[in-house]
Every structure is written in structure tokens, then in C-alpha cells.
1. With Ala181, Ala223 as the choices, which residue is buried (at least 21 other Cβ atoms within 10 Å of the Cβ) and within 15 Å of Gly70 (Cβ to Cβ)?
2. Out of Lys309, Lys297, Lys280, which single residue is under 12 Å from Met147 (Cα atoms) and in the same structural domain as Gly69 (by TED's automatic domain parsing)?
3. Tell me yes or no: at least one residue of the range 61-76 is surrounded by fewer than 19 Cβ atoms within 10 Å (Cβ to Cβ) and assigned to a loop (DSSP other than H, G, I, E, B).
4. Evaluate the following for Pro58: is it surrounded by fewer than 16 Cβ atoms within 10 Å (Cβ to Cβ) and either touching a Phe, Trp or Tyr at 6+ places or on another chain (Cβ under 8 Å) or of a type in the set (Asp, Glu) (or both)?
5. On the basis of being without any contact (Cβ under 8 Å) to a residue 40 or more places away in the chain, among the β-branched types (Val, Ile, Thr) and not assigned by TED's automatic domain parsing to the domain that holds Arg214, does Thr102 make the cut?
6. Can you confirm whether Phe256 is aromatic (Phe, Trp, Tyr) and touching an Asp or Glu at 6+ places or on another chain (Cβ under 9 Å)?
7. Can you pull out the residues in the range 293-322 that are surrounded by 13 or more Cβ atoms within 10 Å (Cβ to Cβ) and over 13 Å from Leu81 (Cα atoms)?
Amino acid sequence: MRTVEIRAIARVISPLAVILCLFGVTACSAPAASAPTSVPAKQAAPAPATTEKYPTRPIDFIVPWGAGGGADQMARKLSPLAEKELGVPLPVINVAGAAGSTGTVKMLAAPADGYAFEAYMADQVATVAFGQAPFTHKDFAPIARIMQQFSSFFVRTDGPYKSWKDVETAAKANPGKIRVAITGAGSVDELLVLFFEKKGVKMTGVPFPQPGERYTSLLGGHADVLIEQCGDITQYLTGGQFKPVIMFSEERAAAFPDCPSSKELGYDIYLPQWRSIVAKAGTDPTRIKMIGDALNKACSTQVWKDYLKETYSDEKSWMGPDAFPAYLTKHENEVLAVIEQSGLNTKK
């Protein structure tokens, strides 16, 4: 090819090459439609906020009393009913000692996440009122009152005391001789013993933290009187071994028409025994409500209603998260009133 022709072609190609190169650079710098540049952008974006599912694992059901007692019986009856509603196991864990305080401390040592709650009862309220507990009710998230019963003094049917008058007479004649099996120091049981001491009926409270020990102490003659609820010792009542001699109520119980009430005998003290469920303060209110709803459904079953009847409990025992906190405060004030009226000592 001649030199003149080559130079002519070069003059045409050179500007075109520059234009193509510029276009190529621009194309390379702009993202192609098929390029996966949007994937890293999506991965880097924050995930939307979600509510953690609850519950996803077993919830510890702590009973701060030994096996075989009323609180233990209640928990083992309630646990499978509530499990069906919550969808997770509720293993019952007995932690006895210090009138219920040992188990309560264990529950309060757990995180406030709704994976531990306990069977809390009136006995422990007295411990708080006496100032003998390492906690106060401000440490709790009250959930529900599950059952309520009247307390009584029981004697052995074949023992030396056949009525409350027999017990009262013996206690006045020999102050401190009558031994009363109680749950522990600072409990409602001890409060009842101290109350009667101020009334001139001096008895000696003997603590047995294990329910079975209290029952066998009366059977074996190591105690003369037992403080308990009828429903907790049904087998001994139906078997004819124990009988109530005074019931702390305003009226006689239909199931025990021969047993006088404390009111008719001139003793203005009642303090019903109740059992409830509490969690640790600070637990998410939505979880408290969820537990409360599950317990309510469990306590609405015929199985539970039959259980209340079998244990001589109030058929209207249920009290949910909306009303139970105020009831707990009210009951503590009633205990404090009995303490003050009786001239008993308290560290509060």
C-alpha cells in the first residue's frame, strides 16, 4: 500500500479509536445491569427488629419447701396443666430451708427473663413482715394467686387432746409444754403461736422445714399440735389419724362442722393460707402476662377445679396479674397489723 494511503487511513482511525477508548472507560466505570453489586448492599443493610420468641426452653418452677407439702402438691398438679399452654416443660425444683427464703433467694439469683418463677405463699409474707427475709416484695413481679385455704390446728385423733379446749387448758396449766409443729421461724405458723402466747395460751413452736417431718412429728408424738391446711393432709384426715380443733376463719367449714372457728372462740385472727406464682422483678411485662394467661387457662380446667375441691380450697382462689399485686400488699399489711396488735417484735 502506498504511504499516502496509509497516512490517510490513520487520520480516520485515530479519532475513532480515541472515541471508542473513552466510551470503553466510561462503560467500565458504570455498573453493568447484570453485575452483582446489589448483593453486598443488601447484606450490609441492618436486619429489621424482631421480638424474641418466648418461651423456647424449660421454665424452672421453684418450690421453696420440701417434697410432699401443700406447695409441692400444688406445683406438681399445676405444672403439667400449664405446660400444655406454654409449650415447654416446667420442671418442679424443691429448695427447702429458712421458712421458704432459701428457694426464693435461688429464684431471685436467676436472670429476670421469665425462665424461673416460684410458688410463693402466705408463710413467706410473715417472714418479710418480721424483717427476717433477705428480700422484700419489691423484688418480685407478682403473677397470680393460685389457691387459698384456711389454716387450722390439728391434733392426733388418738392423742391426749380431743378439742381446742383441751389444748388451751393444758397450755395455760403448763406454759410452753404444748409443742406445735411449724414450718419455720418468721412464718405465719410462728406468728400464730406467738399470737396465742400473748393471749395467755403459751405453746412452743418446733420448726420442721420438710412437710413430711411435720406430719410424722405429730404421728410419732414429737409434737402435740400441727399447723396446716386441710387440703395438705387429706390422707391423714380421711384415714382418721388427724382432726382439726380450731379453724382460723369467721365461720365453721361445711366439711368439718364439729370444728369451731377462731371467731366464735373469741380469737380475732384469720390469715388464710394462699399460694401464688411470682417471678423476679424486672421481668418483661409481656412475658408476665403470657405466664399469667397460661396459668389462668390451666386453672380453668376441670382437673384444677376438682383439685381445689379435693383440697378444701376456695373455688374462687384465682387472682391474676391485674389484682394480685395489690392483694399481696394488703395481706402484708394485715400481717403487720397482727404483729403490732399482739405486741410482737419485728425488725421492720
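1. Working: Ala223 fails: within 15 Å of Gly70 (Cβ to Cβ).
After applying the criteria, what remains is Ala181.
2. Values: Lys297 fails: under 12 Å from Met147 (Cα atoms); Lys280 fails: under 12 Å from Met147 (Cα atoms).
Residue meeting the stated conditions: Lys309.
3. First, pick out the residues of the range 61-76 that are surrounded by fewer than 19 Cβ atoms within 10 Å (Cβ to Cβ): 67-68, 76.
So of that shortlist, the ones also assigned to a loop (DSSP other than H, G, I, E, B) come out as 67-68.
Yes, the range 61-76 contains a residue that is surrounded by fewer than 19 Cβ atoms within 10 Å (Cβ to Cβ) and assigned to a loop (DSSP other than H, G, I, E, B).
4. yes
5. On the way: without any contact (Cβ under 8 Å) to a residue 40 or more places away in the chain: yes; among the β-branched types (Val, Ile, Thr): yes; not assigned by TED's automatic domain parsing to the domain that holds Arg214: yes.
When the stated conditions are applied, Thr102 passes them.
6. On the way: aromatic (Phe, Trp, Tyr): yes; touching an Asp or Glu at 6+ places or on another chain (Cβ under 9 Å): no.
Here the answer is no, as Phe256 does not meet what is asked.
7. Result: Leu308, Thr311, Tyr312, Ser313, Asp314, Ser317, Trp318, Met319, Gly320, Pro321.
For every residue, the table says whether it meets (1) hydroxyl-bearing (Ser, Thr, Tyr); (2) not in a loop (DSSP other than H, G, I, E, B).
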position	(1), (2)
Glu251	no, no
Lys263	no, no
Tyr267	yes, no
Ser276	yes, yes
Arg287	no, yes
Lys297	no, yes
Glu334	no, yes
Ala337	no, yes
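The values are calculated or read from the model by the stated rules, or taken from the named source; none is laboratory data. Bear in mind the structure is a predicted one, so any value in this text is a computation, not a measurement. As a convention, Cβ positions derive from the backbone with ideal geometry for all residues, glycine included, and neighbour counts pool all protein chains shown.
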